[in-house]
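K.L.:
Would you mind keeping the following structure in view while I ask a few things?
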Amino acid sequence: MLTTSLATLPLDNPVLSASGTFGSGWEGRQFSDLGHVGGLVSKTVTRAPRHGNPPPRIWETPSGMLNSIGLENKGVDYFLAETLPRMKQLAASGRKDGKHGPRVVINIGGESIDDFVHMAERFCQAGVDLLEVNLSCPNVQEGKLLFSTDPRMTERAVAAVKKVANVPVFAKLSPNVTDIVAIAKGAEQGGADGITAINTLIGMAVDWRKRRPILGKVIGGLSGPAIKPVALRMVWQIAAAVRLPIMAVGGVRSADDVLEFVCAGASAVQVGTAMFTDPGLMARIVDDLRQRLGAERTSIRELRGVLHHAAENAAGGCAR
Ligand code: SIN
């Protein structure tokens with residue numbers, strides 16, 4: 001009922017953490033049994049350590065949150081030595097009674113294609129379940145074009161990672177573009193196994209009394225329920241245009257939110273900003289999903305993309 005898959009990777013259920021909102025999972029392990037969630041997605045890991053952006057880096061907004069972390073992390077060497085073994089320990093805790101346990105998804109960031117390739121090689125050698133390529137952080141790359149604002153750059157970055165990867169590769173896309181479908185098609189051309197949509201929307205906050213922007217780097221990425229309608233629309237558009245599985249992310253707080261994304265075409269859904277205030281939420285969403293699907297006698301696989309099937313039927317049964 002709850003099972004799903006991300007390309008060749010089967011999952012016990014469609015609920016994963018969103019990168020950057022739950023550490024590696026280890027930090028949140030006392031709040032719920034993480035053995036029951038579908039997957040854990042790491043904070044973006046980069047080749048070299050990064051100190052991140054000047055504070056303030058987080059700001060609560062109505063129905064959302066702005067962040068300007070700047071990919072702070074201790075770099076790939078530290079991650080492989082200290083963090084990955086903990087993620088694997090959490091994954092192993094869920095591998096019983098025929099379950100796969102939470103899948104280990106590593107989100108990798110880079111300033112160049114060479115960086116992405118290096119990171120992909122290191123993590124594939126170390127053994128992970130899936131790579132999420134962060135082509136879309138709005139808080140770095142000072143003035144340089146984000147990979148995921150250009151279809152050809154997206155294609156090149158994905159193709160380079162795919163050459164060295166032995167696990168499914170998902171491209172995490174930015175919503176800060178005119179045409180997300182063109183970028184998703186670029187990822188598909190590059191051989192991506194799937195798409196993660198969406199990263200944060202660029203925003204800002206102002207303290208007018210101090211006559212200053214609030215975030216240390218002025219602009220940041222907006223996440224949380226405020227962006228859910230945008231994420232739903234983009235997931236729906238991508239699902240209509242490419243044949244890749246989609247991991248949806250954007251404002252999820254409940255099992256109902258997850259099912260909305262599944263109907264729009266997502267194979268799995270990441271929970272992010274809501275876990276800052278409710279770190280046990282993911283496991284509860286899994287329980288609620290079981291109850292909702294049981295009550296309707298349906299499954300994730302049956303619901304996935306139903307909005308598109310309805311549209312096809314209305315259009316006379318044309319295949320997508
Ligand atoms: C950040 O670390 O600045 C956020 C990461 C992202 O939006 O990709």
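K.L.:
Percent relative contact order of region 220-320, based on C-alpha pairs within less than 8 angstrom and at least six residues apart?
P.N.:
Worked out over region 220-320, it gives 27 percent.
K.L.:
While we're looking at this one, here's another question. As a test of the formula, what do you get for the chain when each DSSP H run with n ≥ 4 contributes -39,500 (n - 2.57) and the sum is divided by the residue count, at 222 nm and rounded to the nearest 500 deg cm²/dmol?
P.N.:
Roughly -10000 deg cm²/dmol at 222 nm, from the helical runs in the chain.
K.L.:
Where the accessible area of region 4-314 is counted over protein heavy atoms with a 1.4 Å probe, how much of it, in %, is carbon and sulfur?
P.N.:
52 percent
K.L.:
Separation between the Ala126 and Val206 pseudo-spin-labels, each 7 Å from Cα along Cα→Cβ, expressed in nm?
P.N.:
4.3 nm
K.L.:
Per residue, how many Å² of accessible area does the chain show with a 1.4 Å probe?
P.N.:
Value for the chain: 43 Å² per residue.
K.L.:
How many angstrom lie between the C-alpha centres of region 67-93 and region 99-152?
P.N.:
So the separation of the two Cα centres works out to 13 Å.
K.L.:
Quote the FRET efficiency, to the nearest 0.05, computed for Ser112 versus Glu82 with a Förster distance R0 of 30 Å and r equal to the Cβ-Cβ distance.
P.N.:
After rounding to 0.05, the efficiency reads 0.75.
K.L.:
Would you work out if region 140-260 is rounded, prolate or oblate? Take a ≥ b ≥ c from the square roots of the eigenvalues of the alpha-carbon gyration tensor; rounded if a/c is under 1.5, else prolate when a/b is larger than b/c, oblate otherwise.
P.N.:
Oblate is the answer for region 140-260, as a/c is 1.5 or above yet b/c matches or exceeds a/b.
K.L.:
Ok, one more. How far apart, in nm, are two points set 7 Å out from the Cα along the Cα-to-Cβ line at Gln89 and at Gln30?
P.N.:
Output for this residue pair reads 1.5 nm.
K.L.:
Now a separate question. Ordered by packing density, taken as the mean number of other Cβ atoms within 10 Å over each peptide's residues, highest first, how do 57-65, 119-127, 206-214, 90-98 rank?
P.N.:
119-127, 57-65, 90-98, 206-214
K.L.:
Taking region 132-191, which trypsin sites (Lys or Arg not before Pro) meet the DSSP loop condition and have no more than 10 other C-beta atoms within 10 Å?
P.N.:
The qualifying sites are Lys144.
K.L.:
Assuming a ≥ b ≥ c are the square roots of the Cα gyration tensor eigenvalues, decide whether region 46-100 counts as rounded (a/c under 1.5), prolate (otherwise, with a/b larger than b/c) or oblate.
P.N.:
Oblate is the answer for region 46-100, as a/c is 1.5 or above yet b/c matches or exceeds a/b.
K.L.:
While we're on this one: Normalising by the residue count of region 4-314, find the relative contact order in percent from Cα pairs under 8 Å and 6+ residues apart.
P.N.:
20 percent
K.L.:
Residue by residue through region 69-83, which ³J(HN,Hα) values in whole Hz follow from phi under the Karplus form 6.51 cos²θ - 1.76 cosθ + 1.60 (θ = phi - 60°), with glycine and proline marked x?
P.N.:
Each residue of region 69-83 in turn: 6, x, 6, 4, 6, 8, x, 5, 4, 4, 4, 5, 6, 10, 8 Hz.
K.L.:
When a/c is below 1.5 the answer is rounded, else prolate if a/b is larger than b/c, else oblate, so apply that to region 4-314 with a ≥ b ≥ c taken from the square roots of the Cα gyration tensor eigenvalues.
P.N.:
Rounded, because the longest to shortest axis ratio a/c is under 1.5.
The values are calculated or read from the model by the stated rules, or taken from the named source; none is laboratory data. Since we're looking at a predicted model, the values are computed, not measured. Quick reminder, even Gly has a Cβ in these numbers, built from the backbone with ideal geometry, and neighbours come from all protein chains shown. For accessibility, only protein heavy atoms count, side chains too; no ligands or nucleic acids. Shrake-Rupley method; radii C 1.70, N 1.55, O 1.52, S 1.80 Å.
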